[in-house]
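**Q** Take this structure first; my questions come after.
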């Protein structure tokens, strides 16, 4: 599979989620105190992400 979500523990012991595409990390989340919160973040991204608009706040 070319893309995947990865749950891991950071150095401070919090759970984080990485989204990878072709083994490249595209983004990672904030830290969560529980693994279930990290799983909920994945489900929220899957549910709400596809229809999310792009907001460009860059100063070009």
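The values are calculated or read from the model by the stated rules, or taken from the named source; none is laboratory data. Values in this document were obtained by computation on a predicted structure and should not be read as measured data. Every residue, glycine as well, gets a Cβ built from its backbone with ideal geometry; the counts of neighbours run over all protein chains shown.
**Q** Checking the conditions here, which among 32, 8 is in contact with a helix residue (DSSP H, G or I) (Cβ under 7 Å, 6 or more places away or on another chain), surrounded by 10 or more Cβ atoms within 10 Å (Cβ to Cβ) and modelled with pLDDT of 95 or more?
**A** That would be 32, the only listed residue that is in contact with a helix residue (DSSP H, G or I) (Cβ under 7 Å, 6 or more places away or on another chain), surrounded by 10 or more Cβ atoms within 10 Å (Cβ to Cβ) and modelled with pLDDT of 95 or more.
Here is a yes/no grid of residues against (1) free of Cβ contacts under 8 Å to residues at least 40 places away in the same chain; (2) outside any helix (DSSP H, G or I); (3) in contact with a helix residue (DSSP H, G or I) (Cβ under 8 Å, 6 or more places away or on another chain):
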residue: 12; (1), (2), (3): yes, yes, no
residue: 19; (1), (2), (3): yes, yes, yes
residue: 46; (1), (2), (3): yes, no, no
residue: 52; (1), (2), (3): yes, yes, no
residue: 57; (1), (2), (3): yes, yes, no
